[in-house]
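The values are calculated or read from the model by the stated rules, or taken from the named source; none is laboratory data. Every value quoted in this text rests on a predicted model; they were computed, and no experiment measured them. Backbone-built Cβ (ideal geometry, glycine too); neighbour counts: all protein chains shown. Keep in mind that these areas ignore ligands, DNA and RNA; they rest on the heavy atoms of the full protein, side chains included. Shrake-Rupley method; radii C 1.70, N 1.55, O 1.52, S 1.80 Å.
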Amino acid sequence: QVQLVESGGGLVQPGGSLRLSCAASGSIFSIYAMGWYRQAPGKQRDLVALITKIGTTTYADSVKGRFTISRDNAKNTVYVQMNSLKPEDTAVYYCLARGAASDYWGPGTQVTVSS
């Protein structure tokens, strides 16, 4: 099993920035990618950004140029720096750890972009 602890969500004004962190523990040897998904009320959970163990990144088109994902393999932690936030970025953000046989999810952290 893999445990994920997220932090960094909150309320921010449009145009502002937030950084989310997700620390993994447990059976992390099988994890080859980590990232973030988000789910707004009444919508499906969608990819935000993903990063592999060797640093290959994938971003949703809606966040390209505004969000940056990174990871610290020594700390088993993934980050997403979110800049130029928009009201449509409001959602619960979930950390994902992708293993060879399973996906593991964090409990989610709320990000609200509002004036």
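Per residue, the accessible area of region 56-115 comes to 49 Å² when a 1.4 Å probe rolls over the protein heavy atoms. Computed 3J(HN,Hα) for region 11-18, one whole-Hz value per residue from the Karplus formula 6.51 cos²θ - 1.76 cosθ + 1.60 where θ = phi - 60°, is 9, 9, 7, x, x, x, 10, 9, glycine and proline marked x. Think of region 53-115 as a dipole: +1 on every Lys or Arg Cβ, -1 on every Asp or Glu Cβ, centred on the Cα centre; then among Tyr93, Val113, Val78, Val78 lies furthest on the positive end.
With a Cα cut-off of under 27 Å and a minimum spacing of 8 residues unless on different chains, the lysine pairs in region 14-92 number 6.
Can you list which of the trypsin sites (Lys or Arg not before Pro) found in region 20-115 are DSSP loop residues with at most 14 other C-beta atoms within 10 Å? Those that pass, being in a loop and sparsely packed, are Lys43, Lys53, Lys64, Lys75. Residue by residue, region 65-77 carries 3J(HN,Hα) couplings of x, 10, 10, 10, 9, 8, 8, 10, 5, 5, 9, 6, 10 Hz when phi is fed to the Karplus relation 6.51 cos²θ - 1.76 cosθ + 1.60 (θ = phi - 60°); x denotes Gly or Pro. The label point for Tyr32 and the one for Asn83, both projected 7 Å from the Cα toward the Cβ, are 3.2 nm apart. Apolar share of the accessible surface for the chain: 50 percent from carbon plus sulfur atoms, 1.4 Å probe.
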